[in-house]
Amino acid sequence: MISDRFSLSISLEVDSLLITAPDKIFTKKLTDPQALERELAAYRLDLPMLPRLVEFIPPDTICVQKIDGISYLDCWDAEIPAHLAETIAGFHLATYDGINALCHWDNQPRNILVSGAQVFLVDFADSRYAPPEADLTHLFLFWAAQMEFQPFINAVNRFLQVYTAMLPLQTQLWQESLAQSRSRFDLRRATYRKHLQPVSGDTGINRSYLDHIQFSHSG
C-alpha cells in the first residue's frame with residue numbers, strides 16, 4: 001500500500017530545487033494505481049541512473065528530478081553501447097536475485113536519456129520483475145529497426161561484452177525473452193506505426209542475428 005505521505009530523504013541540492021528552480025522538477029500524475037506503485041518502487045531505490053524522487057503527493061502525483069537530456073539515439077557514437085551497458089547492468093544488479101531483476105520494460109529511445117556524461121532511465125510505469133534478458137532483447141529490437149547490419153552487430157556485441165562482465169546472461173532465457181519481446185515490440189509498432197517506422201533495410205537480418213546469440217556460461 002502507498003503511504004498517506006511519502007517524502008524521500010534527498011540531498012540539499014535536490015531539496016532546494018523545489019524552492020529555487022521548480023522548472024527542474026518533473027510532475028507526473030498517474031491515475032492507474034499499479035502504474036503509480038511501479039513508478040514509486042523504482043524511484044525509491046534511489047539509484048544514480050534514475051531521476052531522484054523528490055515528493056509523492058497523494059493520491060496520484062509524483063515529483064521527480066527533471067533530466068535535461070536527449071535520447072541516446074540522437075547523440076549516438078561508438079561509446080554509447082558501452083555507456084548504456086554499464087548503466088543498464090547497474091540498474092539490473094540493484095535488484096537481481098539470480099534470475100529476475102527490476103526491468104525498465106518500456107525502454108524506447110525517449111526513455112533513455114543522455115545528460116552530460118551520464119545516462120538516465122526514465123518512466124517506470126510499466127516496469128516489472130523479469131529476467132534481464134527481457135529488457136535487453138526488447139532494447140535491441142529498437143536498434144534492429146534503426147541500424148544497418150554491421151553497425152548493429154558492432155553495437156550489440158560491444159554492449160554485451162560490457163554488460164556480461166557485470167552480470168551473466170543465459171541463452172535459454174535470452175531465446176525465450178526474445179520471442180516475447182518480438183511480440184510486444186511488434187504490437188507496439190502496429191499500434192504506433194505512424195511514429196515508429198523502421199528506417200533500416202536490414203531489420204530482418206538484424207533480428208535474425210539476435211536469434212543466434214549464445215552465452216558461454218548459460219544455465
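The values are calculated or read from the model by the stated rules, or taken from the named source; none is laboratory data. Since the model is a prediction, treat every value here as computed from it, not as a measurement. Note that we place each Cβ from the backbone using ideal geometry, even for glycine, and neighbour counts take in every protein chain shown.
Tell me the residue from C103, C63, C75 that is surrounded by fewer than 16 Cβ atoms within 10 Å (Cβ to Cβ), in contact with a strand residue (DSSP E or B) (Cβ under 9 Å, 6 or more places away or on another chain) and of a type outside the set (S, T, N, Q), please.
C75
Considering the stretch 74-107 alone, what residues qualify as being touching a Pro at 6+ places or on another chain (Cβ under 7 Å) and closer than 17 Å to D123 by Cα?
H92, A101, C103
Considering E55, E86, E39, which residue is outside any loop (DSSP other than H, G, I, E, B), surrounded by fewer than 21 Cβ atoms within 10 Å (Cβ to Cβ), of a type in the set (D, E) and not assigned by TED's automatic domain parsing to the domain that holds R184?
On the way: E86 fails: not assigned by TED's automatic domain parsing to the domain that holds R184; E39 fails: surrounded by fewer than 21 Cβ atoms within 10 Å (Cβ to Cβ).
Every option except E55 fails the conditions.
Just to be sure, is R110 of a type in the set (K, R), surrounded by 18 or more Cβ atoms within 10 Å (Cβ to Cβ) and either modelled with pLDDT of 95 or more or more than 25 Å from R184 (Cβ to Cβ) (or both)? Lay out the reasoning, then the answer.
Numbers: of a type in the set (K, R): yes; surrounded by 18 or more Cβ atoms within 10 Å (Cβ to Cβ): no; either modelled with pLDDT of 95 or more or more than 25 Å from R184 (Cβ to Cβ) (or both): yes.
It is false that R110 is of a type in the set (K, R), surrounded by 18 or more Cβ atoms within 10 Å (Cβ to Cβ) and either modelled with pLDDT of 95 or more or more than 25 Å from R184 (Cβ to Cβ) (or both).
I want to confirm something. Restricting to the stretch 102-148 and keeping residues that are without any contact (Cβ under 8 Å) to a residue 60 or more places away in the chain and either among the hydroxyl-bearing types (S, T, Y) or in a strand (DSSP E or B) (or both), which single residue is farthest from R182 (Cα to Cα)?
S115
Would you check if there is a residue in the stretch 88-100 being acidic (D, E) and touching a residue at least 40 places away in the same chain (Cβ under 8 Å)? Before the answer, list the steps.
First, pick out the residues of the stretch 88-100 that are acidic (D, E): 97.
Next, from what is left, pick out any that are touching a residue at least 40 places away in the same chain (Cβ under 8 Å): none.
No, the stretch 88-100 has no match at all.
Scan (1) assigned to a helix (DSSP H, G or I); (2) over 17 Å from the mean Cα position of the chain (by Cα) for the single condition F185 breaks and write down its number.
Checking F185 against (1) assigned to a helix (DSSP H, G or I); (2) over 17 Å from the mean Cα position of the chain (by Cα), the one that fails is (2).
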